[in-house]
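**Student:** Structure below; questions to follow.
The values are calculated or read from the model by the stated rules, or taken from the named source; none is laboratory data. The shown structure was predicted, so the numbers you read here are calculated from the model rather than taken from an experiment. Note that each Cβ is placed from the backbone with ideal geometry, even for glycine, and that neighbours are counted across all protein chains shown. For accessibility, only protein heavy atoms count, side chains too; no ligands or nucleic acids. Shrake-Rupley method; radii C 1.70, N 1.55, O 1.52, S 1.80 Å.
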Amino acid sequence: LDEKASFKLVDYQMQKSFQVFGYNNLMGNIMDSHDKIRYMAYADGDLEINDGRASEIAWTNPPQVDNPDSYKKLKVYMAYLLTIPGIPIIYYGDEIGMTGAADPDNRRMMRFDEELNQYEKQTLEDVSKLIHIRKEHPALRYGDFLTLQADENIYAYIRSDMNERILTIVNKNPNNINVELRIPPFYKIRKAKNLLDNKEYIINDNLIKLNLSGFGYIISKLSN
């Protein structure tokens, strides 16, 4: 939501949680809920964090999603939510990018199929793909967590179990960004396969170089 905010703070809070709950925990991770303003209302600029107008706006001027980039922001959040330790909880409608201000506007009727616009349909498809990736790769459910990079734009981390290692990189900047990540040599990694489009990257001297689109994400399986 804030281009100037850094993933360093997020990573700091993540590490604090791991000290208390461990990597393999059953704590619920949630983006919004029936008690909270929906994320899309923030992402689309209809409300500010801790906006005192949220209850009034819910009745007088309910938010609508106007900027297609807001759906991209939501998918970056979902890529993060579905690849970190704990249990991802998706409040109904988040999988299509439903918006809403304070209660009761955050409890709108669900819409399906042809009731969805093109951006909502694409968001549903992309979020479904993320859910299936988590389901198909146990390292994303039971693995440990190693941070590779955390700054204003990029959050990159590896999750590993006894069978596989999965690298997740998210970019919260609207611009394309070139990323260079040094993979710890003890992993002995030579290749990375993007699980979203099957594109393969060669890792030389433990260094992976790639380009992330604006508000983009990559989830790759590492191998030797």
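**Student:** To the nearest 20 Debye, how big is the dipole of the range 9-115 about its Cα centre, given +1 on the beta carbon of each Lys and Arg and -1 on that of each Asp and Glu? Let's see the in-between values first.
**Tutor:** Working: 10 positive and 17 negative charges, 83 e Å.
Result for the range 9-115 is approximately 400 debye, rounded to the nearest 20.
**Student:** Given the rule -39500 (n - 2.57) for each run of at least 4 DSSP H residues, summed and divided by the residues of the chain, what is its mean residue ellipticity at 222 nm, to the nearest 500 deg cm²/dmol?
**Tutor:** Working: 6 runs with 63 residues, N = 224.
Per the formula, -8500 deg cm²/dmol.
**Student:** Shifting gears a bit: As a test question: what accessible area, to the nearest 10 Å², does His34 have when a 1.4 Å probe is rolled over all protein chains in place?
**Tutor:** 80
**Student:** Once you have the Cα-Cα distance between Gln64 and Ser223, take 0.36 nm times their residue separation minus that, and quote the gain in nm to one decimal.
**Tutor:** Working: separation 159, 0.36 × 159 = 57.24 nm, distance 4.34 nm.
Gain on stretching Gln64 to Ser223: 52.9 nm.
**Student:** For the range 133-205, what is the Kirkwood hydrodynamic radius in Å, using each pair of distinct C-alpha atoms?
**Tutor:** Values: mean 1/r = 0.0751 Å⁻¹.
About 13.3 Å for the range 133-205.
**Student:** How would Lys135, Lys36, Lys16 rank on accessible area, largest to smallest, probe 1.4 Å? Provide the component values of the computation, followed by the final result.
**Tutor:** On the way: Lys135 145, Lys36 120, Lys16 95 Å².
Ranking Lys135, Lys36, Lys16 by accessible area, largest first, yields Lys135, Lys36, Lys16.
**Student:** Another one. Given a 1.4 Å probe and heavy atoms of the protein chains only, how would you sort Glu115, Glu164, largest accessible area at the top? Before the final figure, lay out each step's value.
**Tutor:** Values: Glu115 110, Glu164 15 Å².
Output order, biggest surface exposure first: Glu115, Glu164.
**Student:** With only Lys, Arg, Asp and Glu charged, each at its Cβ (+1 for the first two, -1 for the last two), find how big the charge dipole of the range 102-207 is about the Cα centre; round to the nearest 20 debye. Intermediate results must be reported in sequence, preceding the final value.
**Tutor:** Details: 17 positive and 18 negative charges, 94 e Å.
Taking the Cα centre of the range 102-207 as origin, the dipole is about 460 debye.
**Student:** Something else: Using the Cα atoms of the range 39-92, I'd like the radius of gyration and the largest Cα-Cα distance, Dmax, both in angstrom.
**Tutor:** Both quantities, over Cα of the range 39-92: 13.1, 39 Å.
**Student:** Next question. Could you state how much accessible area Tyr217 has, in square angstrom rounded to the nearest 10, with a 1.4 Å probe and all protein chains kept in place?
**Tutor:** 40
**Student:** Measuring from centroid to centroid over Cα atoms, what is the spacing of the range 196-224 and the range 57-90 in Å?
**Tutor:** If we compute the Cα centre of each part, the gap is 24 Å.
**Student:** Of Tyr39, Tyr201, Met110, which is farthest along the charge dipole of the chain in the positive direction, counting Lys and Arg as +1 and Asp and Glu as -1 at C-beta?
**Tutor:** So the residue furthest toward the plus end is Tyr201.
**Student:** So, one more: Would you mind counting up the charge near Met78? Only other residues with Cβ under 13 Å from its Cβ, with Lys and Arg at +1 and Asp and Glu at -1.
**Tutor:** On the way: positive: Lys72, Lys73, Lys75, Lys129, Arg134, Lys172; negative: Asp32, Asp94, Glu95, Glu125, Asp126.
Summing Lys/Arg as +1 and Asp/Glu as -1 gives +1.
**Student:** Accessible area of Arg165, 1.4 Å probe, to the nearest 10 Å²?
**Tutor:** The accessible area comes out at roughly 80 Å².
**Student:** Going by accessible area, probe 1.4 Å, with all protein chains left in place, what is the ranking of Val127, Val10, largest first? If you can, show how the numbers build up before the last one.
**Tutor:** On the way: Val127 0, Val10 50 Å².
Per-residue accessible area, sorted high to low, gives Val10, Val127.
**Student:** Okay, next question. At what distance in nm do the modelled label points of Glu136 and Met110 sit from each other, each positioned 7 Å from its Cα along Cα→Cβ?
**Tutor:** Inter-label distance under the simple model: 2.4 nm.
**Student:** Between the DSSP loop rule and a limit of at most 13 other Cβ atoms within 10 Å, which GluC sites (Glu not before Pro) in the range 1-91 are left?
**Tutor:** Details: sites: Glu3, Glu48, Glu56; in loops: Glu3, Glu48.
Of the GluC sites (Glu not before Pro), the ones in loops of the range 1-91 whose Cβ has at most 13 other Cβ atoms within 10 Å are Glu3, Glu48.
**Student:** Follow-up. Please list, by residue number, everything in the range 114-156 whose backbone N is under 17 Å from a paramagnetic label point 7 Å out along Cα→Cβ of Ser213.
**Tutor:** Under cut-off, by backbone N: 118-130.
**Student:** Assign unit charges at the C-beta atoms only (+1 for Lys and Arg, -1 for Asp and Glu), then state the dipole size of the chain relative to its Cα centre in Debye, rounded to the nearest 20.
**Tutor:** 1120
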